[in-house]
Amino acid sequence: MKVVLAVSGASGAIFGAEMLRALVCHQVDVDLICSPVADEVAEQELGEGIGCRVARVLRETGSSAQVRSLDYDDFAAPPSSGSYRHQGMLIVPCSMATVGRIASGAAPNLICRAADVCLKERRPLVLGVRETPLSTIHLRNLLSLSEAGAIIAPAAPSFYGQPETILEMVRTYCGRMLDALGIENDWAFRWGS
Ligand SMILES: Cc1cc2nc3c(=O)[nH]c(=O)nc-3n(C[C@H](O)[C@H](O)[C@H](O)COP(=O)(O)O)c2cc1C
């Protein structure tokens, strides 16, 4: 199984890092695309860039899943083409700038191009959007993307599992992102279980 994971420059770098952990822990191969601002935000929020955090996650999990980092500006990378097969794409955290670019169809970078391909190929595209409050422009863009088939999954963890740490909150959210791609997991707190 292979998934495209994109990390953009919204707050919540920990969601991107833990999403990567969730995927590799479930033996899912990952094509990883990070925006330049995602790296700056990771430095600010995690105290290390995305590259260092990815290496750390892989070391800690010891998973044999493959993680391939793709260049943000490389339009010749495999997810640029609909002929390249994968099970879907997650963008988390997803900035409103990236939402606007995908909604416009302009696809000026590999994250937006790969998302555009998911929409045209009718493959799962899950957007872990993070911004508050949302402007009317954001809401219009999100509606367009939802109408085009994207799943809008705000990075807003649930509280009914009574999480005690930020990590627990983030991980139950990541479990719900795996759910959205149909990946069996025990990361999501299940109401009634
Ligand atoms: C520390 C930091 C936090 C940010 N948080 C958000 C956010 O939560 N949501 C958002 O839409 N943009 C946020 N931004 C602004 C985006 O980084 C900016 O719009 C950028 O153009 C996004 O580009 P990208 O989507 O290509 O990564 C933040 C920027 C910084 C530096």
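Where a number appears in this text, it was derived from the coordinates with a stated rule and is not lab data. Everything quoted here is computed from the prediction, not taken from an experiment. Backbone-built Cβ (ideal geometry, glycine too); neighbour counts: all protein chains shown.
Checking the condition within 11 Å of the ligand (Cβ to nearest atom), over 14 Å from the mean Cα position of the chain (by Cα) and buried (at least 17 other Cβ atoms within 10 Å of the Cβ), which residue from V7, V41, V57, V37 passes?
Working: V7 fails: over 14 Å from the mean Cα position of the chain (by Cα); V57 fails: within 11 Å of the ligand (Cβ to nearest atom); V37 fails: buried (at least 17 other Cβ atoms within 10 Å of the Cβ).
From the options V7, V41, V57, V37, the qualifying one is V41.
If you go through the range 77-93 one residue at a time, do you hit one that is in contact with a strand residue (DSSP E or B) (Cβ under 7 Å, 6 or more places away or on another chain), within 11 Å of the ligand (Cβ to nearest atom), under 23 Å from L178 (Cα atoms) and not charged (D, E, K, R)?
Among the residues of the range 77-93, at least one is in contact with a strand residue (DSSP E or B) (Cβ under 7 Å, 6 or more places away or on another chain), within 11 Å of the ligand (Cβ to nearest atom), under 23 Å from L178 (Cα atoms) and not charged (D, E, K, R), which makes the answer yes.
Any idea which residue in the range 44-54 is nearest to L178 (Cα to Cα), counting only those that are buried (at least 16 other Cβ atoms within 10 Å of the Cβ) and either within 16 Å of the chain's Cα centre (by Cα) or of a type in the set (S, T, N, Q) (or both)?
Ranking the qualifying residues of the range 44-54, first place goes to V54.
Quick one: what pairs do we get from the range 143-157, first residue assigned to a loop (DSSP other than H, G, I, E, B), second acidic (D, E), C-beta under 9 Å, 6+ apart or different chains?
Once the first residue is assigned to a loop (DSSP other than H, G, I, E, B) and sits in the range 143-157, its partners that are acidic (D, E) give P154/E131; P157/E168.
Is there a residue in the range 137-149 that is within 16 Å of the ligand (Cβ to nearest atom) and within 16 Å of the chain's Cα centre (by Cα)?
yes
Please list, ordered by residue number, the helices (runs of 4 or more DSSP H) wholly in the range 6-114 having 1 or more residues that are under 27 Å from D186 (Cβ atoms) and touching a residue at least 12 places away in the same chain (Cβ under 8 Å).
13-25, 36-46, 50-61
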